[in-house]
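Taking it in order: structure first as structure tokens, then the write-up.
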């Protein structure tokens, strides 16, 4: 590990991995971080610098970007939970995961759920559903999902048997 103390860097590309910088000044520098070795930055100043994630760090950023952009509400909540954690809110990842679980119904279905709850029968079903535990709601959602994939149009014989019950 190289150690720099009181150094001034101007307009340079600097690899951070495996180096220690103490009381250094950086101006208009590109700071490259790859997450391949420990880095120390202590008492340093930065003016118009940019941080570049490359290697494993760059791959991590790409994954987080994919989560945020491609996994809907859960992806947003997961990445925002990490940002909250970085900001010093220690329980943020747990809260973010909790929020992600609570947002399991895709936003595209929210309007349909609200419309369903607009009728008297729908309100009864929706209010009963809300009183269930999360585990129970998950089980019902799984059952509904399987039922939705079943044959939606039973034959005449099945309908006759259902009427006899």
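Given the structure, is residue 86 surrounded by fewer than 14 Cβ atoms within 10 Å (Cβ to Cβ) and at pLDDT 65 or above? Walk me through it before giving the result.
On the way: surrounded by fewer than 14 Cβ atoms within 10 Å (Cβ to Cβ): yes; at pLDDT 65 or above: yes.
So residue 86 passes the test.
Note on segment 37-66: residues that are in contact with a helix residue (DSSP H, G or I) (Cβ under 9 Å, 6 or more places away or on another chain), surrounded by 14 or more Cβ atoms within 10 Å (Cβ to Cβ) and not in a strand (DSSP E or B) amount to 1.
Taking segment 1-36 only, how many residues are assigned to a strand (DSSP E or B) and either surrounded by 14 or more Cβ atoms within 10 Å (Cβ to Cβ) or within 33 Å of the chain's Cα centre (by Cα) (or both)? Steps first, please.
Of all residues in segment 1-36, those assigned to a strand (DSSP E or B) come to 2-5, 8-10, 13-15, 19-22, 25-27, 30-33.
Next, from what is left, pick out any that are either surrounded by 14 or more Cβ atoms within 10 Å (Cβ to Cβ) or within 33 Å of the chain's Cα centre (by Cα) (or both): 4, 9, 13-15, 19-22, 25-27, 30-33.
Number satisfying all stated conditions: 16.
Here residue 80 meets the list (1) modelled with pLDDT of 80 or more; (2) out of contact with any strand residue (DSSP E or B) (no Cβ under 8 Å at 6 or more places or on another chain); (3) surrounded by fewer than 15 Cβ atoms within 10 Å (Cβ to Cβ) almost entirely, failing just condition (3).
The values are calculated or read from the model by the stated rules, or taken from the named source; none is laboratory data. Predicted model only: the values in this text are computed from it and were never measured. For neighbour counting, all protein chains shown are included, and Cβ atoms are generated from backbone atoms with ideal geometry for every residue, glycine included.
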